[in-house]
Amino acid sequence: MRLRRRPQQARSRARVQRLLEAADKVLATEGYAALTVRRIAEEAEVPVGTIYQFFADKSAVVDALARSYIGEFDAMIELLVADAESREWDDVVDTVLDAAIEMYRSRPGYLAIWIGRHLSPELQQADAANNAAIAAGLRRIVVAQHGLPDDEHLARACQVAVQTTDALLQLAFRLDPEGDAAILTEARRLQRLYLSDLINSRP
């Protein structure tokens, strides 16, 4: 989190959290383009100067929010990995995709940042790191569920799976805030075919 001044007291930490919640609400209801320092201050009902006590600019607020969301996403992936290592799933693609789709549906602020990630180098870097973490988690899931060798070939295949799914989810959620059903269906079909080919092509 790129804070200008890291809050030490509970009161200051609560103030930063209030600012982030206000930014999240603006993103969720009005979109990335509407997010300004002044608009965050209005939503949080604080002077503009309060924001500058902790954040250098709007991009610093967005960066802090994005990292918070990505932390949630990474925690979700870790839960999926733990579940995959402890029991067999009926459908790997459905389990992983459903969890990701639910994150986008339940976090409209994250969705707004995710769709607008190209607008900031910081967001692009955070998104790349998030996709790398998801690919690593997917690799562990595939190994646990299908017993494939955990090698460079599998790592590359999981990167491809994550990047292609990410592109299709982008399209689905640009078309519909809930995710266009037809595109999501095609994303599932594509990943099932890809996973099946990956499993069957391994010695």
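No value in this document is a laboratory result; all are computed from the given coordinates. Note that this is a predicted model, so its numbers are computed, not measured. Note: ideal-geometry Cβ built from the backbone for every residue, glycine included; neighbour counts use all protein chains shown.
The table that follows gives values for the structure above.
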quantity	calculated
Percent RCO, i.e. relative contact order, over region 127-197, from Cα pairs under 8 Å lying at least 6 residues apart	24 percent
Helix 92-106 axis, angle to the chain major axis (alpha carbon atoms, nearest 10°)	10 degrees
Estimated [θ] at 222 nm from DSSP helical runs (n ≥ 4, -39500 (n - 2.57)) normalised by residues in the chain, nearest 500	-26500 deg cm²/dmol
Theoretical FRET efficiency, 1/(1+(r/R0)^6), r = Cβ-Cβ of Ser201 and Ala82, R0 22 Å, to 0.05	0.20
The chain - percent relative contact order, Cα under 8 Å, separation 6 or more	20 percent
Rounded if a/c under 1.5, otherwise prolate or oblate - the chain, Cα gyration tensor axes	prolate
Relative contact order [Cα under 8 Å, 6+ residues apart], region 59-150, whole percent	44 percent
Two-site FRET efficiency, Val46 against Met103, from Cβ-Cβ distance with R₀ of 25 Å, rounded to 0.05	0.30
Lys, Arg +1 and Asp, Glu -1 on Cβ, resulting dipole of region 10-54 about Cα centre, debye, nearest 20	240 debye
